[in-house]
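What follows is a short report on a single structure.
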Amino acid sequence: MELTLEKYLVWMKEFAQKISDQKDYLSDLDSKIGDGDHGNNMARGLKAVSESLAAKKPTDLTTALKITAMALISKVGGAAGPLYGTAFLEMAKLSGQTTDLDQLLVAAVAGLQKRGGAQAGDKTMVDVWLPIVNKLKADQLTDEEIQEAVKSTKPMEAKKGRASYLGERSVGHLDPGAVSSGYLFETMLQAEVG
Ligand code: ADP
Ligand code: MG
Ligand code: MG
C-alpha cells in the first residue's frame, strides 16, 4: 500500500480527533503508572500538528511527515514526544525513496527503538508498534489485532520510562503510550491508509 499525501492528511486529522476525544482517559492511565500527563501531552502535540499542517499546506508527503515530526518533538514533551517525533522523522527521511507504508513503518519502529532502547515486552509503545508493523507486512492487520497488542501491555512489568520506577507495581495496568499508539493505528485503518 502506497501512502499518499491526501491519505496521510486524512489519517492525521482522524488521529488528532481521537487523541482529543480520549485525552482524559490517556492521562488517567498515565496517572496509574506515570505522572498523569500523557493525554495532555498528546493532545497539545496533535493540536500543534493539525495547526502546523493547516498553516504550512505541504504539497508533498515528505514535507507533511517532517512538519508532523517537528510539531511532535517540540510540543508533546515528556518521553513520548521525541519518540513519536523520531518515528515520523524516520518516515520522512525514507519517503524520498519509497512511499510504501510497510517500509515507512519498519523504518519508524527501528528509529523508535534506537532512540528509546525499548525491546518487546518492556511495556511501552514499542509493544504496539512492533506487532502491528509485522501484521501489516503480512497483510493481516485488523482492529482486533490492534486491541490485542494494546491489551498485551497490561500484564507486563515496565522496564523503560517512568512506569519502570514502579517495578512490579506497574503490572496490571495498560501502558498509556501503547494505548495512544493503538489509536494511531486504528485511525490508520479508518483512513484506509493501509
Ligand atoms: P512522560 O513519561 O515523560 O511523562 P508521557 O507520559 O507523555 O511522558 O509518555 C509516556 C509513554 O512513553 C509510556 O507510556 C511509554 O509508552 C512511552 N515510553 C517511555 N519511555 C519509553 C522508551 N524508552 N521507549 C519507548 N516508549 C517509551
Ligand atoms: Mg507522563
Ligand atoms: Mg511527564
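Numerical summary
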item	result
Top-ranked residue of region 161-185 - restricted to ones that are among the aliphatic types (A, V, I, L, M), part of a helix (DSSP H, G or I) and more than 25 Å from Leu105 (Cα to Cα), ranked as nearest to ligand 1 (Cβ to nearest atom)	Ala163
One residue from Ile33, Ile73 being β-branched (Val, Ile, Thr) and crowded, with 21+ Cβ neighbours inside 10 Å	Ile33
Residue list for region 25-39, restricted to those being closer than 15 Å to Tyr183 by Cα and within 16 Å of ligand 3 (Cβ to nearest atom)	Leu26, Ser27, Leu29, His38, Gly39
Helices (runs of 4 or more DSSP H) lying entirely in region 1-80 (those with 3 or more residues that are within 27 Å of Gln140 (Cβ to Cβ) and either more than 16 Å from ligand 1 (Cβ to nearest atom) or basic (Lys, Arg) (or both))	5-21, 61-75
For Ala80: the one exception among (1) within 16 Å of ligand 2 (Cβ to nearest atom); (2) of a type outside the set (Asp, Glu); (3) at pLDDT below 95	(3)
Complete set of residues in region 139-160 that are assigned to a loop (DSSP other than H, G, I, E, B) and not aliphatic (A, V, I, L, M)	Asp139, Gln140, Thr142, Ser152, Thr153, Lys154, Pro155, Glu157, Lys159, Lys160
Pick from region 115-147, criterion of a type outside the set (S, T, N, Q) and free of Cβ contacts under 8 Å to residues at least 12 places away in the same chain, ranking: surrounded by the most Cβ atoms within 10 Å (Cβ to Cβ)	Lys135
Options Lys93, Lys135: the member that is of a type in the set (Lys, Arg), under 19 Å from Leu3 (Cβ atoms), touching a Gly at 6+ places or on another chain (Cβ under 9 Å) and away from ligand 3 (no atom under 16 Å from the Cβ)	Lys93
Flag for Ser152 being in contact with a His (Cβ under 8 Å, 6 or more places away or on another chain), touching a residue at least 12 places away in the same chain (Cβ under 8 Å), surrounded by 15 or more Cβ atoms within 10 Å (Cβ to Cβ) and of a type outside the set (A, V, I, L, M)	no
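The values are calculated or read from the model by the stated rules, or taken from the named source; none is laboratory data. These numbers were taken from a predicted model, which means no experiment stands behind them. Ideal geometry is used to build each Cβ from the backbone, glycine not excepted, and the neighbour counts take in all protein chains shown.
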